[in-house]
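Report on the following structure.
The values are calculated or read from the model by the stated rules, or taken from the named source; none is laboratory data. Here the structure is a predicted model, which is why all the values come from computation and not from measurement. All Cβ positions, even for glycine, are placed from backbone atoms using ideal geometry, and neighbour counts span all protein chains on display.
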């Protein structure tokens, strides 16, 4: 009987050799205090009751478990289901760990919240809850992401957050994390760094896993009710790994449930053309944790590329690195082209609009399902919904209409200015 | 008041490796007491704009750890007695090979390194320390007693204290609680205490002169060099009395 869950519960920051707390000492006092607070609250049933109540009242959980009957029939193989985390308030699973961390920060008396964001979903959830709980909010976002996820920037600012575009490095998620780390170094006494995935120094990988595990717990209940058994596969896209750990955690000790993480295959296999960390398997120590990182031979962090801002990241959760080495989680990659193809199939067949990130898991399911027998049940974790991707999706899928719309809009703006 | 000795920082490979080596010599010849030479990294997460940009440029033109080792050996031949501290980030050392990194530095005659994101109680730090190389702890006023004990146990040759909660190159302020950390360190350790982060003028050096054994300057010197003003700035800072 595997005991992965027990090993995670016992972890003081390491998962095998992965994890740790590789941060400057001035930050260490901040993250150590967080670890103590989390481990204390983790044992407090009152805290979990408070979080469950927030999941229901604020985010609208439980989220739907939707059989994808038309898509399954069309593909002619496995039975597909979507766990629709896009139905959460703010449109993605990110709110699960934001709620958890905001409650921890409140317990600790920390009133200044900072966060990094890639696709903007984590930043949006953070800005939303800071508004709700009356906390100061600063969001760091790579300038490239700031431009390609403009709708989320607008809403974060409307919600009262300060959004800082990071114009260093590649101007994507990694640079936002580095900028947030620098902010924490300058405000270690009063600030909570609300890390948006299962990476970073202890306790973030473990803590965010606990705040996300509600996804898999609901999938278990819903799967038993809908199918009468546990799923045979659970698929999830993997940037840092928060929605994947959330969907996988409850099944870690069920060997019959295959767990597959889908990375960003980008537009090529050369360095800088993708964000598939499990293809190169280069270990490294960066941004506070030991894991697999895309890097060059001299230990410099490598550029990454993906059509999806949320998966466009050099590192991956130390928990997933460990589960990979243990053979418990398998990894695959979906390319930008496969993801755009999946748009053409999934929206029209099922009436679902998955986020660009989540569409990577769908793209893998489209390839996997026809190879499986009809009595195989595959759950796709739809980590978020896709409205935020309007500009980037339209640019690829309706380029002529997008150009016409932008030109008309610009004309109307300049006429009325 | 006597002059406060200086530790001068620069990034190897910026603007070129040869140029950075020449600048290191200029520091030494101008009277800088300790050199802090940074092996460049793509993502220097404790550094401000000036030093980050220097790192990015040094990496972009292909400066490697191996090249830096050669440059350090070269410098050591001309300045056999000058204290030299190597600074970098954990992933550079990990990827190069912790043992190889440490042994090459020791062979060159460099015994102290600053790696701000390498905690002393990690396996990687233990591997590094077991070679005989010493870590220079980078501490701020908020260090808890129990963490400080980890560092005292290392018996370092130097302490590197952050003047305040900053990244490098920001405006200078001196944290009012830093004096208590300095007193603790003086009670338990003979190692020399340097204070850095944001120091850019002789006035700043005077402000830390009472409590520090040396002042640490990086961004201000790099900026002076970029502006063609290095000789004057070095003279001003070395003659800080």
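Among the residues of region B:33-57, what is the count of those that are surrounded by fewer than 24 Cβ atoms within 10 Å (Cβ to Cβ), assigned to a loop (DSSP other than H, G, I, E, B) and modelled with pLDDT of 95 or more? Adding up the residues that qualify gives 1.
Across region B:59-78, which residue is farthest from the other protein chains (Cβ to nearest Cβ) among those that are surrounded by fewer than 16 Cβ atoms within 10 Å (Cβ to Cβ) and in a loop (DSSP other than H, G, I, E, B)? Within region B:59-78, the match that is farthest from the other protein chains (Cβ to nearest Cβ) is B:61. Filtering A:299, A:310 for residues that are at pLDDT 95 or above and crowded, with 20+ Cβ neighbours inside 10 Å leaves a single hit, A:299. Evaluate region B:11-23: report whether one residue or more is more than 17 Å from the chain's Cα centre (by Cα) and at pLDDT below 95. Within region B:11-23, none of the residues are more than 17 Å from the chain's Cα centre (by Cα) and at pLDDT below 95. In region B:106-122, the qualifying residues are those that are more than 15 Å from the chain's Cα centre (by Cα) and not in a loop (DSSP other than H, G, I, E, B), and the one that is nearest to residue B:71 (Cα to Cα) is B:108.
Each residue in region A:143-158 was checked for being touching a residue at least 60 places away in the same chain (Cβ under 8 Å) and within 28 Å of residue A:104 (Cβ to Cβ), and 3 pass. Filtering region A:281-306 to residues that are farther than 16 Å from residue A:18 by Cβ and outside any loop (DSSP other than H, G, I, E, B) leaves only A:301.
Restricting region B:83-96 to residues that are at the interface with chain A (Cβ under 10 Å from one of its Cβ atoms) and part of a loop (DSSP other than H, G, I, E, B), the residue that is surrounded by the fewest Cβ atoms within 10 Å (Cβ to Cβ) is B:88. When residue B:210 is tested against the conditions (1) farther than 24 Å from residue A:187 by Cα; (2) in contact with a helix residue (DSSP H, G or I) (Cβ under 7 Å, 6 or more places away or on another chain), the lone failure is (2). Of all the criteria given as (1) surrounded by 24 or more Cβ atoms within 10 Å (Cβ to Cβ); (2) within 12 Å of chain B (Cβ to nearest Cβ); (3) outside any loop (DSSP other than H, G, I, E, B); (4) in contact with a helix residue (DSSP H, G or I) (Cβ under 9 Å, 6 or more places away or on another chain), the one not satisfied by residue A:184 is (1).
Can you find a residue in region B:130-137 that is free of Cβ contacts under 8 Å to residues at least 12 places away in the same chain and over 21 Å from residue B:36 (Cβ atoms)? Yes, some residue in region B:130-137 is free of Cβ contacts under 8 Å to residues at least 12 places away in the same chain and over 21 Å from residue B:36 (Cβ atoms). Scanning region A:16-47 for residues that are more than 14 Å from chain B (Cβ to nearest Cβ) and touching a helix residue (DSSP H, G or I) at 6+ places or on another chain (Cβ under 8 Å) yields a count of 5. Within the option set B:178, B:128, B:154, B:139, being out of contact with any helix residue (DSSP H, G or I) (no Cβ under 8 Å at 6 or more places or on another chain), within 14 Å of chain A (Cβ to nearest Cβ) and either under 30 Å from residue B:29 (Cβ atoms) or crowded, with 16+ Cβ neighbours inside 10 Å (or both) holds for one residue only, B:178.
Of the strands (runs of 3 or more DSSP E) lying entirely inside region A:7-119, those containing at least 1 residues that are in contact with a strand residue (DSSP E or B) (Cβ under 7 Å, 6 or more places away or on another chain) and in the same structural domain as residue A:222 (by TED's automatic domain parsing) span A:65-67, A:79-84.
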